[in-house]
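K.L.:
Let me begin by handing over the structure; questions about it come next.
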Amino acid sequence: MEIAVSWWFTLVLGVLPLMMWLLWSWNELRFLAPLKARSSATKLPPGHMGLPYFGEMLTFLWYFKILRRPDDFIKFKQDRYGDGVGMYRTYLFGSPAIITCSPSITKFVLQSADLFRTSPSIELVGPNCLVAVHGKPHTRLRSYVSNAINRPEALKRIALHVQPRIVSSLQSWAEKGTVRAFDEVRKVTFENIGKLFVSFEPGPILDTLDQCFAGLLSGMRAQRLNFPGTAYHHALQCRKKLIAIFRTELEKKKKNGNGSETTNDLMDGLMHIRDEEGKKLSDDEVLDNIAGFVVAGYETSSLVSMWALYYLAKFPNVLRRLREENMAISKNKKGDFIYHEDISQMKYTNKEPAKPGTYNVFGGGPRICPGNMLARMQLAIFLHYLAIGYKWELINPDAKITYLSHPKPEDGVEIAFSKI
Ligand code: HEM
């Protein structure tokens with residue numbers, strides 16, 4: 001009896017607190033101790049790396065998903081660790097990480113690619129994807145990729161390619177009368193991506209690809225647990241499927257003499273581009289980066305169009321100025337569509353690019369979004385046709401916002417939509 005009591009006593013007073021301390025400190029000991037051991041002068045940002053494996057995911061989900069007050073996640077850190085440094089250490093999405101919350105520190109981090117690395121799941125993005133490579137290989141790959149998307153000829157061609165679908169989608173929204181803007185912009189964005197990136201027309205293959213990308217994106221925002229039933233496991237299956245579809249297309253293009261004459265899409269662009277020494281990208285580099293473009297450009301572009309609809313409905317004075325500018329351009333244009341030159345005249349629509357050192361939605365430094373010109377241009381075209389031809393109202397102007405995986409109104413921005 002006495003032995004049992006002293007056993008419980010030791011457990012409650014000794015072992016349990018020790019276990020809890022170990023759980024609480026595990027990530028700190030595991031990741032920070034080696035850095036401190038290398039140099040005792042090493043200074044680390046304040047913060048805490050949370051529990052083993054999960055890190056601060058539970059706190060993160062609490063603020064983002066349950067409370068729906070993402071700013072308070074940062075505020076909580078500022079209250080706890082002070083807000084002098086503008087940077088906190090943490091552990092999120094299966095990886096040690098930092099959170100920056102001051103413009104100068106964010107700029108410093110974005111400019112210091114040698115000190116701070118992005119750490120996407122290589123299994124999901126592929127080892128040759130731009131976001132997964134670092135240093136010199138990154139600079140090399142980036143010049144290919146930027147050339148393929150940002151060359152003026154590429155942008156001119158894209159400007160014409162995306163318009164028919166934007167025009168016909170807006171007409172179909174007006175016929176329906178009420179639409180969920182997020183679903184509709186996603187649809188038109190993906191159809192344009194299919195056409196621009198791999199010359200796919202709407203149909204079963206594009207639908208399969210859409211489902212695969214949805215699965216892949218969910219896995220990227222999930223804990224990296226790989227067994228049947230998890231989002232991460234499903235994402236890996238989706239990646240396999242979509243790479244197989246792209247590979248079949250690439251082989252077809254190679255058989256047809258690289259296909260550039262007939263299709264001239266982004267995959268052709270990546271297959272043809274050569275560096276100064278005349279070297280081309282490997283097949284795997286082409287495939288990983290085509291998939292990477294879709295991951296980077298699909299959700300982002302859809303969300304930005306959705307938010308444009310939302311805020312223009314809330315700020316009619318901005319819509320009025322946008323309409324004036326675009327009406328003037330549409331009166332002077334010669335053909336049915338607007339051209340790259342017309343878009344560059346849209347001073348109000350385009351808004352000035354962010355000044356160096358200020359917040360830029362496209363990031364900064366050596367990894368600044370290489371698709372930013374393309375994204376801006378597509379948005380300008382979308383705004384043009386919206387402003388000159390349509391009016392719309394939010395059905396639920398006070399809809400709550402959800403914050404994961406990205407901020408969006410709960411109703412997906414339901415609008416009543418009609419011709420002017
Ligand atoms: C409104 C739409 C978009 C937004 C807001 C956006 C934003 C971003 C941001 C914030 C980054 C990280 C930058 C950094 O780390 O400094 C990024 C990277 C990237 N974006 Fe975009 N993006 C958009 C559209 C696109 C499109 C349409 C494409 C391709 C067609 C694209 C391709 C990429 C790629 C490949 C990277 C990785 C760059 C690298 O690691 O070097 N993005 N984007």
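K.L.:
Can you figure out the FRET efficiency of I98 with V318, using R₀ = 45 Å and their beta-carbon distance, to the nearest 0.05? If you can, show how the numbers build up before the last one.
P.N.:
Details: r = 35 Å, r/R0 = 0.78.
With a Förster radius of 45 Å, E is 0.80.
K.L.:
Once you have the Cα-Cα distance between K351 and K419, take 0.36 nm times their residue separation minus that, and quote the gain in nm to one decimal.
P.N.:
On the way: separation 68, 0.36 × 68 = 24.48 nm, distance 2.55 nm.
Answer, rounded to one decimal: 21.9 nm.
K.L.:
Continuing with this model, one more query. To make sure I understand the rule: partners must be aspartates and glutamates, Cα under 17 Å from the Cα of K280, and not fewer than 8 residues away in the same chain. Which ones qualify?
P.N.:
Partners within reach: E251, D265, D268, D288.
K.L.:
Mind checking the angle between helix 231-255 and the chain's longest principal axis? C-alpha axes, 0 to 90 degrees, to the nearest 10.
P.N.:
That helix lies at roughly 40 degrees to the long axis.
K.L.:
I'd like the isolated cysteines in the chain, meaning no second cysteine's beta-carbon lies under 4.7 angstrom from theirs.
P.N.:
Lone cysteines by the Cβ rule: C101, C129, C369.
K.L.:
Modelling each spin label as a point 7 Å along the Cα-to-Cβ direction, I'd like the S112/S218 distance in nm, to one decimal.
P.N.:
3.8
K.L.:
Residues in the range 130-170 near a label at D275, defined as backbone nitrogen under 15 Å from the 7 Å Cα→Cβ point?
P.N.:
130, 133-148
K.L.:
Which aspartates and glutamates have a Cα less than 14 Å from the Cα of K314, not counting those fewer than 8 places away in the same chain?
P.N.:
E393, D398, E414
K.L.:
Next up: What percent do you get for the relative contact order of the range 242-386 when only Cα pairs under 8 Å and 6+ apart count? Let's see the in-between values first.
P.N.:
Numbers: 67 pairs, mean separation 26.4, N = 145.
Normalised by residue count, the contact order of the range 242-386 is 18 percent.
K.L.:
Report, to the nearest 10°, how far helix 16-38 tilts away from the longest principal axis of the Cα atoms in the chain, using its own Cα long axis and a range of 0 to 90°.
P.N.:
60
K.L.:
Here is a follow-up. Could you state the angle between the C-alpha long axis of helix 181-198 and the longest principal axis of the C-alpha atoms of the chain, as a value from 0 to 90 degrees rounded to the nearest 10?
P.N.:
80
K.L.:
Let me know the shape class of the range 21-101, please: from the alpha-carbon gyration tensor, a ≥ b ≥ c as square roots of the eigenvalues, rounded when a/c is under 1.5, otherwise prolate if a/b is greater than b/c, or oblate. List each step's numbers first, then the result.
P.N.:
Numbers: a/c = 2.44, a/b = 1.41, b/c = 1.73.
Oblate.
K.L.:
For the pair Q211 and S344, what calculated FRET efficiency results from E = 1/(1 + (r/R0)^6), where r is the Cβ-Cβ distance and R0 = 35 Å, to the nearest 0.05? Each step should come with its number before you reach the end.
P.N.:
Numbers: r = 37 Å, r/R0 = 1.05.
Working from the Cβ atoms, E equals 0.45.
K.L.:
Also, quick follow-up: Taking the range 1-126, how many lysine pairs are there with alpha carbons less than 27 Å apart, if each pair must be eight or more places apart or span two chains?
P.N.:
Lysine pairs satisfying the spacing and distance rule in the range 1-126 number 9.
K.L.:
On to the next question. Between D79 and D336, take the C-beta separation as r, use R0 = 56 Å, and let me know the FRET efficiency to the nearest 0.05. List each step's numbers first, then the result.
P.N.:
Details: r = 57 Å, r/R0 = 1.02.
With R0 = 56 Å, the Cβ-Cβ based efficiency is 0.45.
K.L.:
Shifting gears a bit: Ranked by Cβ crowding within 10 angstrom, fewest neighbours first, how are L160, L217 ordered?
P.N.:
Details: L160 14, L217 20.
The order, fewest Cβ neighbours first, is L160, L217.
K.L.:
By how many nm would the segment from F54 to Y311 lengthen if fully extended, with 0.36 nm per residue of separation less the alpha-carbon distance?
P.N.:
On the way: separation 257, 0.36 × 257 = 92.52 nm, distance 3.61 nm.
Once the chain is fully extended between F54 and Y311, it gains 88.9 nm.
K.L.:
Separate question: Please report the relative contact order for the chain, taking Cα pairs under 8 Å with a sequence separation of at least 6, and give it as a percent rounded to a whole number. Walk me through the intermediate numbers first.
P.N.:
Values: 474 pairs, mean separation 80.0, N = 420.
It rounds to 19 percent for the chain.
K.L.:
Arranged by the count of other C-beta atoms within 10 angstrom, fewest first, what order do L209, L44 take?
P.N.:
Working: L209 23, L44 14.
Result, fewest neighbours first: L44, L209.
K.L.:
Relative contact order for the range 11-92: what percent, with Cα pairs under 8 Å and sequence separation of 6 or more?
P.N.:
On the way: 66 pairs, mean separation 28.3, N = 82.
Relative contact order, the range 11-92: 34 percent.
K.L.:
Calculate how many DSSP beta bridges within the chain are antiparallel, expressed in % of all such bridges and rounded to the nearest 5.
P.N.:
Working: 18 of 19 bridges.
In the chain, approximately 95 percent of DSSP beta bridges are antiparallel ones.
K.L.:
Please turn the phi angles of the range 303-308 into ³J(HN,Hα) values with the Karplus equation 6.51 cos²θ - 1.76 cosθ + 1.60 (θ = phi - 60°), one per residue in order, whole Hz, x for glycine and proline.
P.N.:
Here the 3J(HN,Hα) series is 5, 5, 5, 4, 5, 4 Hz.
K.L.:
Using modelled amide H (1.01 Å from N, peptide plane; none on Pro or chain starts), what sits under 5 Å from the amide H of I395, excluding residues fewer than 5 places away?
P.N.:
E414, I415, A416
K.L.:
Hey, fewest Cβ within 10 Å first, where do H48, H340 land in order? Let's see the in-between values first.
P.N.:
Working: H48 19, H340 16.
So the ranking, lowest neighbour count to highest, is H340, H48.
K.L.:
What nm value, rounded to one decimal, do you get for the distance between S39 and R140 when each label is placed 7 Å out toward the C-beta?
P.N.:
Result for the modelled spin labels: 3.0 nm.
The numbers here are math on the coordinates, done by the rules we state, and not lab data. Owing to the predicted nature of the structure, the values given are computational and were not obtained by experimental measurement. Every residue, glycine among them, receives a Cβ derived from its backbone with ideal geometry; neighbour counts consider all protein chains shown.
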